[in-house]
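Read the structure below first, then the notes.
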Amino acid sequence: MIRRQAYHVRRMLSLFLLTASPLPLMAQTAPSTTEPATEEPILPDDQFEARLSKMEGADPNAPLPSIDNWIDQQMPAQGSAATDLPPATEPAEEQELAQPLPPLDSVTVPANAAANSDPNAKLPDIRYATSIEGFGKTGLEDEFRAESALIDGKGKAETAAMVQARAHEDEKLATRLFYSQGYYDATALASLDQAGDGTLKAVISVTPGKRYKIGAIVVTADPTVPPTLIRDSLPLKTGDYIIATNVEGAEANVALKLPENGYAFAKVGERDILLDAATVTGDYTLPVDVGPRGTFRKITTSGEKQAFGADHMEVIKRYKPGQIYDSRKVDDLRKALVATGLFSTVGVDPVRTGEVAPDGTEYVDLHVEQEAGPPRTLAGEAGYGTGQGFRAEGTWTHRNLFPPEGALIGGVIAGTQEQGVSGTFRRSNAGKRDKTFQTGITLNHQNYDAYEAFTAGLNIGWSRASTPIFQKRWTYSYGGEILLTNEQVVVDPATADKTRRTYFIGGLPVQIGYDRSNDLLNPTKGFRATVRAEPEGSLQGNFSPYLRASFDLTGYYPVSDSLVIAGRAKVGTITGVSRDDVAPSRRIYAGGGGSVRGYGYQELGPKDANNDPIGGRSVNEFAVESRYRFGNYGVVAFVDAGQVYESSMPKFSDMRYGVGLGGRFYTNFGPFRADIAMPINRQPGESKFSLYIGIGQAF
């Protein structure tokens, strides 16, 4: 609320005086000094008297009869001969007006008989020009023009009244803009002028007046902990201009900071600004009802159809009972419940208990109002890569078959070179927030140039992973797996002789990730680093352990809002065993959409006599992308490099390069990607170009 003190606004109202046309003056003649000439009478006296009616038997000296008696004598008696006289004939116009009106539905509108006239023809638009005066150095003219009804009309209107209405709207707009910036004495006047050629000119003339500043700042509230909490949360200073957005933002900050510091039920009242024209200042007063300072206690829940109870919510929360209430932790709990994907609606609100804690604060409970959503989902993804062919994967998930958050997942892979089925049990928030337990079984067939494998696997693991709602800085996974795989093996690369061999492998994979990027699917700045190590070995006969390890680093640098430079580097190794003692499906390969583009899937590295890849024990890969985005579309230019080596350590030599272009279509769940690349210094058997289609950036 804004009030004025010792200040009167006088508005001068224009008075429009309506004057009647003056009556014409009568001509006056000056008196003559000569005698007037004798004039002849118009009618002689004897003729005048002869024309008068004779009153026979009447006494000329008798008094006149009353007017009433005279009228009675003159009116003929009813039924006398006088009533038989024909009535006077009325004019035709009066007879027509005397007739009753016809019914409305019987009236027909005559056709327009005017030559070349069209009753439906649209009248020509009114053309007008707009002139804006008086904004000066206030800096508000551009904002006014952006919102102006006159300017938005582009100089055309159907009627002059429409132009006038737009001008009045612009008057109000100008006043609101000035008030919002502290010009409380501002005035705006709109006028319409007509030029000689008939065009209109709309003129918006403004007078900003003086700009008011904040005077004294007073907060009326009960004591808080700390004592200056409200004032420190109110970023207003004496001498600042009274700008509406700054004042509203400061008050919103108070409403935000109080619940973050224990005051769950605080309410910010209506401000009062008392303007003083003499000092051009406004004294600011803000009432605040802080309410009791609270501490967390317990969670309660309700809902007709519940996904899980309050006991599991106690596992998900990130605060301990007895801690000072903090609305940020309430918001965190709400987002964590949404991230489970089990609710159609969920709300978390603080509840007053009236019970006092030992430290003098009041206990606050959180009430979760929930409604479980459909627990079953179908999902799928598809892609194509040169050398890998088409690959589609679909999953069916019941996310809460074993409450709380116990999911059963069935998966199917169908592709030109890979097929498989899988079943997985997963429990999210397993005993701890963000900790996931998972176990499953897979049956898979892969048939690539490098190998053909029939594999059955059993895995178990625990992990902490990022999600679209919670992108975590640190992630990890660890567990174990057992694989039984029958594969086609090259006995001698020089002859390309092959045989089939069965491998029984056990492994303990561990992975740690560190993510400082700003987005999970479409990062534009920051970096990511991932280290993976998997001690494994053959479980057949004598145990032969070896280590598979890799390190990935990606970075993103925004050159501008539209251009991002992205880079990637990777090294990998297998140590402790010779290449031929490692199952072909467990060796290291490079090439393809997620590796070195321009080459087919697993195409780089050592090859046999048939020019088929046979894998290696080390790898190095590098990539640089220039990503340019315009609206929902984007283009990418990239250079990839890499090589696979038979040795256990990468040599960084004999590098192969690929260059290409890509297109991006950005959606709300990530970019759709299509890349085409060609190899540099192409070797026999390598494709002239490679095509990659998928969801998400290449890295």
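Within segment 372-391, work out how many residues are assigned to a strand (DSSP E or B) and loosely packed, with under 15 Cβ neighbours inside 10 Å.
The initial filter retains those residues of segment 372-391 that are assigned to a strand (DSSP E or B), namely 372, 376-385, 389-391.
Pick out the ones that are also loosely packed, with under 15 Cβ neighbours inside 10 Å and you get 376-382, 390.
Selection size over segment 372-391: 8.
Can you go through Phe470, Phe504, Phe543, Phe454 and tell me which one is within 42 Å of the chain's Cα centre (by Cα) and among the hydrophobic types (A, V, I, L, M, F, W, C)? Write out each step before concluding.
Values: Phe504 fails: within 42 Å of the chain's Cα centre (by Cα); Phe543 fails: within 42 Å of the chain's Cα centre (by Cα); Phe454 fails: within 42 Å of the chain's Cα centre (by Cα).
Phe470 is the lone residue from the list that is within 42 Å of the chain's Cα centre (by Cα) and among the hydrophobic types (A, V, I, L, M, F, W, C).
Just name the residue that is farthest from Ala167 (Cα to Cα) out of those in segment 108-154 that are modelled with pLDDT of 90 or more and of a type in the set (S, T, N, Q).
Ranking the qualifying residues of segment 108-154, first place goes to Thr138.
Quick check: is even one residue across segment 544-559 under 26 Å from Leu691 (Cα atoms) and of a type in the set (Lys, Arg)?
No, the conditions are met nowhere in segment 544-559.
Within segment 392-409, take every residue that is surrounded by 19 or more Cβ atoms within 10 Å (Cβ to Cβ) and touching a residue at least 24 places away in the same chain (Cβ under 8 Å) and give me the one that is farthest from Phe343 (Cα to Cα).
Here the residue is Ile409.
Can you find even one residue in segment 640-647 that is loosely packed, with under 15 Cβ neighbours inside 10 Å and either of a type outside the set (Asp, Glu) or part of a strand (DSSP E or B) (or both)? Even if it seems obvious, please write down each step before you answer.
Taking segment 640-647 first, the residues loosely packed, with under 15 Cβ neighbours inside 10 Å are 647.
Filter once more, keeping what is either of a type outside the set (Asp, Glu) or part of a strand (DSSP E or B) (or both): 647.
Checking segment 640-647: at least one residue is loosely packed, with under 15 Cβ neighbours inside 10 Å and either of a type outside the set (Asp, Glu) or part of a strand (DSSP E or B) (or both).
Would you mind telling me which numbered condition in (1) in a strand (DSSP E or B); (2) surrounded by fewer than 21 Cβ atoms within 10 Å (Cβ to Cβ) Val619 fails?
All conditions are met except number (2).
Kindly evaluate Met649 against the criterion of being assigned by TED's automatic domain parsing to the domain that holds Phe390 and farther than 15 Å from Gly387 by Cα.
Values: assigned by TED's automatic domain parsing to the domain that holds Phe390: yes; farther than 15 Å from Gly387 by Cα: yes.
For Met649, the condition - assigned by TED's automatic domain parsing to the domain that holds Phe390 and farther than 15 Å from Gly387 by Cα - is met.
Kindly evaluate Thr361 against the criterion of being polar (S, T, N, Q) and at pLDDT below 95.
Details: polar (S, T, N, Q): yes; at pLDDT below 95: no.
No, not satisfied.
Do we have Arg548 as surrounded by 18 or more Cβ atoms within 10 Å (Cβ to Cβ), touching a residue at least 24 places away in the same chain (Cβ under 8 Å) and of a type outside the set (Phe, Trp, Tyr) here?
Working: surrounded by 18 or more Cβ atoms within 10 Å (Cβ to Cβ): yes; touching a residue at least 24 places away in the same chain (Cβ under 8 Å): yes; of a type outside the set (Phe, Trp, Tyr): yes.
Criteria met by Arg548.
The values are calculated or read from the model by the stated rules, or taken from the named source; none is laboratory data. Since the model is a prediction, treat every value here as computed from it, not as a measurement. Positions of Cβ are backbone-derived with ideal geometry, glycine not excepted, and every protein chain shown enters the neighbour counts.
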